[in-house]
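Asks: Let me give you the structure first, and then I'll get to my questions.
The values are calculated or read from the model by the stated rules, or taken from the named source; none is laboratory data. From a predicted model like this one, the values you see are computed outputs, not experimental measurements. Don't worry about glycine lacking a Cβ; one is built from the backbone with ideal geometry, like all the others, and counts go over all protein chains shown.
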Amino acid sequence: MIVMLLSIVVVVIVSTVFESCVARKSEPITGETFVIPNEAVANGEKVFMVHCQKCHPAGEAGLGPAINSNPAPGFIKRFQVRHGLGVMPSFKRGEISEKDLHDIMAYLKAWKHYK
């Protein structure tokens, strides 16, 4: 009986420790909210939500990898959007215009600096 009770206590303690060590994947706890600084960022957010949010929720890892922590320059990210890579589909100009693509990059940059 004592061994079973000790086993349960150890499992609870270990799971609590591991759970508390998990990296935060959502908005930081700062009390601040994301303020959209201009129209380009607002448009970028709308286009991102339509085409990108499903795989990169809030720029974090989901079905696709995290893009907020990706150090690649913007032109590389734009190239990847246009041509796809691995399982990521390509988005042609008919789906995401050149302006919209630059607006997505502005949104990601603003979101990254917010976080």
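Asks: From the list G62, G31, G74, which residue is on the phi > 0 side of the Ramachandran plot and modelled with pLDDT under 95?
Replies: Answer to the selection: G31.
Asks: Further question on the same structure: Would you call A106 surrounded by 11 or more Cβ atoms within 10 Å (Cβ to Cβ), at pLDDT below 85, in a helix (DSSP H, G or I) and small (G, A, S)?
Replies: Spelling it out, it is not the case that A106 is surrounded by 11 or more Cβ atoms within 10 Å (Cβ to Cβ), at pLDDT below 85, in a helix (DSSP H, G or I) and small (G, A, S).
Asks: Residues that are surrounded by 17 or more Cβ atoms within 10 Å (Cβ to Cβ) and not in a helix (DSSP H, G or I): does the stretch 60-81 have at least one?
Replies: Taking every residue of the stretch 60-81 in turn, at least one turns out to be surrounded by 17 or more Cβ atoms within 10 Å (Cβ to Cβ) and not in a helix (DSSP H, G or I).
Asks: Of the numbered conditions (1) closer than 13 Å to L108 by Cα; (2) modelled with pLDDT of 95 or more; (3) assigned to a loop (DSSP other than H, G, I, E, B), K46 satisfies every one except a single condition; which is it?
Replies: K46 satisfies every listed condition except (3).
Asks: Suppose we keep only residues that are part of a helix (DSSP H, G or I) and in contact with a helix residue (DSSP H, G or I) (Cβ under 6 Å, 6 or more places away or on another chain) within the stretch 87-103. Which one would you say is nearest to G44 (Cα to Cα)?
Replies: D103
Asks: Also, quick follow-up: Among (1) modelled with pLDDT of 65 or more; (2) part of a helix (DSSP H, G or I), there is one condition K54 misses while meeting the rest; what is its number?
Replies: Going through (1) modelled with pLDDT of 65 or more; (2) part of a helix (DSSP H, G or I) one by one, K54 breaks only (2).
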